[in-house]
1. Look through the range 147-174, keep the residues that are surrounded by 17 or more Cβ atoms within 10 Å (Cβ to Cβ) and outside any loop (DSSP other than H, G, I, E, B), and return whichever of them is nearest to the chain's Cα centre (by Cα).
2. Examine the range 223-238 for a residue that is touching a residue at least 12 places away in the same chain (Cβ under 8 Å) and over 24 Å from residue 24 (Cβ atoms), and state whether such a residue exists.
3. State the number of residues belonging to the range 187-208 that are crowded, with 16+ Cβ neighbours inside 10 Å and either part of a helix (DSSP H, G or I) or not assigned by TED's automatic domain parsing to the domain that holds residue 165 (or both).
4. Quick one: residue 176 ticks every box in (1) touching a residue at least 40 places away in the same chain (Cβ under 8 Å); (2) over 29 Å from residue 124 (Cα atoms); (3) not aromatic (Phe, Trp, Tyr) bar one, so which box is it?
5. For the range 200-212, does any single residue satisfy the condition of being of a type in the set (S, T, N, Q), touching a residue at least 12 places away in the same chain (Cβ under 8 Å), farther than 27 Å from residue 122 by Cα and touching a Lys or Arg at 6+ places or on another chain (Cβ under 6 Å)?
6. Tell me, which helices (runs of 4 or more DSSP H) lie completely within the range 26-142 with 1 or more residues that are closer than 24 Å to residue 226 by Cβ, touching a strand residue (DSSP E or B) at 6+ places or on another chain (Cβ under 8 Å) and in contact (Cβ under 8 Å) with a residue 60 or more places away in the chain?
7. Looking at residue 114 and the list (1) under 17 Å from residue 235 (Cα atoms); (2) surrounded by 14 or more Cβ atoms within 10 Å (Cβ to Cβ), which single condition is not satisfied?
8. Provide a single number: the residues in the range 21-44 that are at pLDDT 85 or above and within 14 Å of residue 164 (Cβ to Cβ).
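The values are calculated or read from the model by the stated rules, or taken from the named source; none is laboratory data. Computed from a predicted structure; not experimentally measured. Glycine also receives a Cβ, built like all others from the backbone with ideal geometry; neighbour counts cover every protein chain displayed.
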Amino acid sequence: MSEPHFDYQIRESTRAKYMSLRVTVDRGLEVVVPPGFNRALIHKFLRDKHEWVQSALSKVQEARQRRTAEPAMVLPTSITLPSTGRSWTVDYKARRSPTITLTDDGNGNLSIAGPIENITACQSVLQRWTRRQAFNVLNPWLRKLSTETGIAFVKTAIRCQKSRWGSCSTSGTISLNQKLLFVEPDLVRYVLIHELCHMREMNHSRHFWKLVGQFCPDYRLARRRLKDAWYQMPTWVG
């Protein structure tokens, strides 16, 4: 049986200490290597990991097919956030208006009104609504964990990122992906702990992971589950 062939990109990262694989819907398969890494070793690494790569690429293909679905399937009629357990119904009302508006009645009902045939505009208002929800949920959650762990940070920023659940800066800002709303609470907690720990260790050294393990003993399992979570994101989230 011939060895499988994978198309991939090589990304050099100053943060990487070892070679690793990353599979995302937008970029496909990436081989991440530290500066100066012997790239001749990549082929064997891919051969050893071929079963995992095939599985990950299969999930990517499914996610890409959802992205190219018919417009009627792209906009949600209901939204459920696993992170909080809350759900909303979404109603669309065609109106003569130059803009799309979204109204949240506070009782689990969203109303989108305007030129609703404009799928992109409808997705945009839903994404802005999601960002507000993310700040309202993730900011107090992060501050609570900051108090529990004794690790301080300065402020929270919410973003819609394609391949990172969170990041932090040396100035003390922790950026969180609004897509965290669509994963389970224990995975959200892991990401928040992970970014808080970077306030003390701005790296992925042994000391960093030891610190993460103090507050999240099952972090290895969480990391594996988060890789699969990317492929389950609703299409409209962005």
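1. Restricting attention to the range 147-174, the residues satisfying the condition of being surrounded by 17 or more Cβ atoms within 10 Å (Cβ to Cβ) are 149, 151, 153, 156, 158, 165-166, 168, 174.
Narrowing further to those that are outside any loop (DSSP other than H, G, I, E, B): 149, 156, 158, 166, 168, 174.
Numbers: 149: 23, 156: 16, 158: 12, 166: 8, 168: 15, 174: 14 Å.
Taking the candidates together, the pick is 166.
2. no
3. 12
4. (2)
5. no
6. In the range 26-142, 50-67 are the helices (runs of 4 or more DSSP H) which contain 1 or more residues that are closer than 24 Å to residue 226 by Cβ, touching a strand residue (DSSP E or B) at 6+ places or on another chain (Cβ under 8 Å) and in contact (Cβ under 8 Å) with a residue 60 or more places away in the chain.
7. Among (1) under 17 Å from residue 235 (Cα atoms); (2) surrounded by 14 or more Cβ atoms within 10 Å (Cβ to Cβ), residue 114 violates only (1).
8. Number of matching residues: 2.
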